[in-house]
Amino acid sequence: MTLNHFLARAGLTSRRKAAELIREGRVTVNGQVQDNPAYRVASTDVVRADGDLIEQPESAYFILNKPKGYLTTLSDERRRPTVVQFFPPSVQGLVPIGRLDKDTSGLILLTNDGEFALRMAHPRYQVDKEYQVNCFGVPDDRDLARLERGITIEGKRTHPAQVNMVYASPEGHQATLRIVIHEGRKRQVRLMMEAIGHPVKDLSRVRIAHLTIKGMQPGECRRLPMKDVDRLKALVGLQPSERAPVRETGRAPKQPR
Ligand code: URA
């Protein structure tokens with residue numbers, strides 16, 4: 001999180017005013033004046049504004065079962081419904097990790113932990129994202145193999161995917177597949193299905209890593225238990241959640257990566 005965002009989120013002031021405060025040299029990080037609003041605050045940094053200690057905010061992690069019809073964005077200039085209305089009102093600074101299209105339902109992770117969000121979304125960490133896809137027609141084995149190998153969409157090949165046929169209608173009108181991918185390109189599953197000639201009728205994300213939406217109502221948002229957060233953190237090479245003690249001066253000991 002940037003320094004101006006950090007100050008704004010602590011409720012000190014707006015982001016714009018925070019940037020002014022920083023440029024005026026009134027903010028220190030670990031005892032040194034930091035006049036760059038874009039400085040990225042580490043969880044072990046000690047930040048003061050006009051000498052007052054600004055507490056590091058608690059990291060928060062939630063899981064949402066997004067219903068269809070909502071945009072995965074924090075605000076929409078056309079005032080269409082967004083997922084924000086399902087966020088817990090008492091927790092500040094939550095952002096969705098990755099996006100689901102307006103007409104896609106299912107699992108979205110929410111957090112205010114920037115590093116965690118970046119890693120969970122990055123294909124390098126190979127985090128499974130599983131989709132249930134209902135499509136027009138019944139793809140044949142060749143189509144499924146193309147999805148599995150990777151398919152060129154918008155000039156770039158997708159990474160290999162796991163694909164399973166769950167249901168094929170006897171008349172050949174429709175089918176249900178489960179597709180597991182590690183990327184999060186825009187409209188990726190829809191474009192993959194279009195590329196094999198079986199466009200999506202209905203799409204839902206049913207799993208991220210070990211987390212599923214089983215038992216969750218559409219629109220339900222739950223705080224993730226720490227044991228789940230730690231399991232996800234281990235997957236993306238982060239240490240388990242343990243709040244570094246806020247020290248009055250100097251830098252808290254670095255957490256091993
Ligand atoms: N792929 C899509 O096409 N849409 C989504 O919302 C998510 C993955």
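Just one of (1) within 15 Å of the ligand (Cβ to nearest atom); (2) closer than 30 Å to K233 by Cα fails for R149. It is (1). Scanning segment 189-244 for residues that are farther than 26 Å from A145 by Cβ, among the basic types (K, R) and assigned to a helix (DSSP H, G or I), we see that the one that is farthest from the ligand (Cβ to nearest atom) is K227.
When segment 21-43 is filtered for residues that are part of a loop (DSSP other than H, G, I, E, B) and either at positive phi or β-branched (V, I, T) (or both), the ones remaining, listed by number, are G25, N30, G31, V41.
Of all residues in segment 147-157, none satisfies being touching a residue at least 12 places away in the same chain (Cβ under 8 Å), in contact with a Phe, Trp or Tyr (Cβ under 6 Å, 6 or more places away or on another chain) and not in a strand (DSSP E or B). Taking each residue of segment 185-202 that is under 16 Å from D140 (Cβ atoms) and looking for partners that are outside any helix (DSSP H, G or I) and within 11 Å of the ligand (Cβ to nearest atom) with beta-carbon atoms closer than 7 Å, six or more apart or interchain, yields M192/I153; M192/T158; M193/V133; M193/P199; M193/V200; A195/I153. Give the residues of segment 62-95 that are at pLDDT below 95 and within 14 Å of the ligand (Cβ to nearest atom), sorted by residue number. Answer for segment 62-95, where residues must be at pLDDT below 95 and within 14 Å of the ligand (Cβ to nearest atom): just T73.
Within segment 1-20, track down each residue that is part of a loop (DSSP other than H, G, I, E, B) and hydrophobic (A, V, I, L, M, F, W, C). Let's see the steps before the verdict.
Restricting attention to segment 1-20, the residues satisfying the condition of being part of a loop (DSSP other than H, G, I, E, B) are 1, 10-14.
Hits for segment 1-20 are M1, A10, L12.
The values are calculated or read from the model by the stated rules, or taken from the named source; none is laboratory data. Keep in mind that what you see is a predicted model, and the values were worked out from it rather than measured. Methodologically, a virtual Cβ is constructed for each residue, glycine included, from the backbone with ideal geometry; neighbour enumeration extends over all protein chains shown.
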